[in-house]
1. Could you list TRP60, TRP52 in order of exposure, starting from the residue whose Cβ has the fewest other Cβ atoms within 10 Å?
2. Using the beta-carbon distance between LYS186 and ASP239 and R0 = 35 Å, what value does 1/(1 + (r/R0)^6) give for FRET efficiency, to the nearest 0.05?
3. Amide H to amide H under 5 Å from TYR83: which residues, 5+ apart in sequence or cross-chain, H placed 1.01 Å off N in plane?
4. If I take R0 = 30 Å and measure r between the Cβ atoms of ASP28 and GLN262 in this structure, what FRET efficiency does the formula 1/(1 + (r/R0)^6) give, to the nearest 0.05?
5. Express in nm, to one decimal, how much length is gained between ARG76 and ASP201 on full extension, taking 0.36 nm for each residue of separation and deducting their alpha carbon distance.
6. Taking 0.36 nm per residue of separation and subtracting the Cα-Cα distance, what length does fully extending ASP66 through PHE100 add?
7. Just rank THR98, THR232, fewest to most, by other beta-carbon atoms within 10 angstrom.
8. Just the C-alpha atoms of segment 1-53: what Rg/Rh do they give, with Rh taken as the Kirkwood radius?
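The numbers here are math on the coordinates, done by the rules we state, and not lab data. Since this is a predicted model, take the numbers as computed values, not measurements. Cβ: placed from backbone, ideal geometry, glycine included. Neighbour counts: every protein chain shown.
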Amino acid sequence: MSDSPEERRFRALFISDVHLGTKGCQADLFLDFLKYHDADTIYLVGDIVDGWRLRSSWYWPQKHNDVVQKLLRKGRKGARIVYLPGNHDEFLRDYYGTHFGDIEVMETAIHETADGKRYLVIHGDVFDVVVRHAKWLAFLGDWAYALALTTNTYVNLVRRKLGLTYWSLSQWAKLKVKNAVNFIGKFEEALADEAKRQKVDGVVCGHIHHAAMHQQFGIHYVNCGDWVESCTAVAEHEDGRLEIIYWAKQVRAAELNAQAVQGARAAA
């Protein structure tokens, strides 16, 4: 980063949808995030590795290996790391209850915050009707999403040269297309209903690449977002308060601030 922040430590970090093994994964930003953020417990809330994409074409640059090594290093230094597989890394679902180094694999977890609230932690794909009942359509959607990311790459190269901020085609579509908005709402409601069924205070999930935090359905719904576009994570502070960290926005703000400082010095 151009304007390095202070290191921050939390009770817990919740990270989902990194999609290691794909060209869309923003491994550089994720490594940067891990450098400045630490926690007693780190929940990897599914789709950390993209097995779907790796099966069709192998892509594993050094940066992706660095991410794995960085996480393992945090485990060796004392962090508890819990991996809750999603649909893209479903191959790990055969290993519930086992450990890979310092990483434990679980189907779901119950996290208790410092203020005594209990949260169901789950990737969330089992509440996605398309993934459960029409997997071929999910694969088609994944292909279309990859195409949108490729388009984004070229669009944002031009935007960056013009001094504009990152713009996401797929995120825009999620918020503008009626069917996509309806899907998000139904997904959130289904997760909230499951949290109520398990008699917990809230749910932390991933899957739909849309960071959010609200009580719209009578339960505290929290979505981690992703590390393909928005580059977000959820952190629990020492008092139990949960926060969405928008890392890409923080990095861009630091870059603009550094440019402004350099411009002021040059003009002085």
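1. With the sparsest Cβ surroundings first, the list reads TRP60, TRP52.
2. That pair, LYS186 with ASP239, gives E of 0.60.
3. Close amide H contacts, sequence-distant or interchain: LEU44, GLU104, VAL105, MET106.
4. On the way: r = 22 Å, r/R0 = 0.73.
After rounding to 0.05, the efficiency reads 0.85.
5. 41.9 nm
6. Full extension of this stretch gives 10.6 nm more.
7. Details: THR98 11, THR232 25.
Final ranking by Cβ density, sparse to dense: THR98, THR232.
8. Computed over Cα atoms, the ratio is 1.02.
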